[in-house]
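Taking it in order: structure first as structure tokens, then the write-up.
The values are calculated or read from the model by the stated rules, or taken from the named source; none is laboratory data. Remember, it's a predicted structure, so these values are computed and weren't measured experimentally. No Cβ is skipped: glycine too gets one built from the backbone with ideal geometry, and neighbour counts run over all protein chains shown. All accessible areas refer to the heavy atoms of the entire protein, side chains included, with ligands and DNA or RNA removed. Shrake-Rupley method; radii C 1.70, N 1.55, O 1.52, S 1.80 Å.
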Amino acid sequence: MSKKKNVRDTALQLLETIEKNQAYSNLLLNNAIDKNEINPIDVGLLTELVYGTLQRKMTIDFYLKPFIEKNKKLQSWVINLLRMTLYQMVYLDKIPERAAIFEAVEIAKRRGHKGIASLVNGVLRSIQRNGLPSLDTITDPAERISIETSHPLWLVRRWVNQFGVEKTLEMCEVNLTAPLQTGRVNLTRISRDECLDLLEEEGFDVEPSPILPEAVKCLRGNLASSKAFKY
């Protein structure tokens, strides 16, 4: 029997493990990719779902709060499923909201029961219908930056005292920008164009480096996990 697993199921499992065990996300992610035989074309999405949901957790929780505060006893996996799905709805332009909601409801059916699936569907449809709560309701500048950029309030207050509100916001926003990964192609074994084709076939979002003729830029995905890296 194949051990292949749905990419969103795997992402949810990872979010659960990271939260419960305070585990290192990068080690768990690499292990999950191998263990669950994630299709290479889905590795970028899995990475995005896990890191993105973790990175934006405070902001997502602010958006979720008014829609789930009446449900005091939600299981942690349900909350993480809602977080992961809302991340897709808010931050990933290439995934239609209806597709993200459908996948969430299907996961809820598999992991829970019809009542849980109905709740998940209701919360997400309510957000889709009513829109996100406004960050303008947060009057304290430091608190707003903290929630808006998912940075600890104590750190934001320290930076505001040192650098001012505008500079602090700028610093926090830069922290949310994923570092650009680059790789050098071994031209004695493969041309850069051939390497780019291989990476794109695996699902990586790559392009030629404008600086070095033998380098490539990776906009999404971990080059170290690619077949081309091992080539």
| message | Quick query: amide H of residue 206 versus all other amide H atoms, modeled in the peptide plane; which residues come in under 5 Å with a sequence gap of 5 or more or a different chain? | response | 219
| message | Counting other C-beta atoms within 10 Å, and keeping those with at most 14, which DSSP coil GluC sites (Glu not before Pro) do you find in region 163-231? | response | 214
| Convex hull projection area averaged over all views, region 1-131, Cα basis, nm² | 8.2 nm²
| note | Env charge @ residue 186, Cβ radius under 12 Å, K,R +1 / D,E -1, value +2
| note | For region 132-173, averaging the sequence separation of alpha carbon pairs under 8 Å that lie six or more residues apart and dividing by its residue count, the contact order in percent is 33 percent
| remark: Length gained, residue 188-residue 76, 0.36 nm per residue minus C-alpha separation, equals 35.2 nm
| task | Note down the relative contact order for region 109-198 as a percent, whole number, built from C-alpha pairs under 8 angstrom at least six residues apart. | result | 15 percent
| What shape does region 32-101 have by the C-alpha gyration tensor, where a ≥ b ≥ c are the square roots of the eigenvalues, rounded means a/c under 1.5, and otherwise prolate means a/b greater than b/c and oblate the rest? | prolate
| note | Given a Förster distance of 35 Å, the FRET efficiency implied by the Cβ-Cβ spacing of residue 125 and residue 170, rounded to the nearest 0.05, works out to 0.45
| request: Note down the relative contact order for the chain as a percent, whole number, built from C-alpha pairs under 8 angstrom at least six residues apart. | output: 17 percent
| query | Taking residue 20 as the anchor, which lysines have their alpha carbon closer than 22 Å to its alpha carbon, excluding any fewer than eight residues away along the same chain? | reply | 5, 35, 57, 65, 72, 73
| field | Whichever lysines have a C-alpha closer than 21 Å to that of residue 217, once near sequence neighbours (fewer than 8 apart) are set aside | value | 94, 227, 230
| query | When Lys and Arg each count +1 and Asp and Glu each count -1, what net charge do the other residues less than 14 Å away from residue 84, Cβ to Cβ, add up to? | reply | -3
| Surface per residue (accessible, 1.4 Å probe) for the chain, Å² | 59 Å²
| Alpha-carbon centroids, region 76-119 and region 171-192: separation in whole Å | 31 Å
| Given (i) 16; (ii) 33; (iii) 26 as candidate values of percent of Cα pairs over 31 Å apart, which corresponds to the one derived from the coordinates? | (ii)
| message | Below 13 angstrom from the Cβ of residue 229, what's the summed charge of the other residues (Lys, Arg +1; Asp, Glu -1)? | response | +3
| message | What's the magnitude of the charge dipole for the chain around its Cα centre, counting Lys and Arg as +1 and Asp and Glu as -1 at the beta-carbon? Answer in Debye, nearest 20. | response | 1080 debye
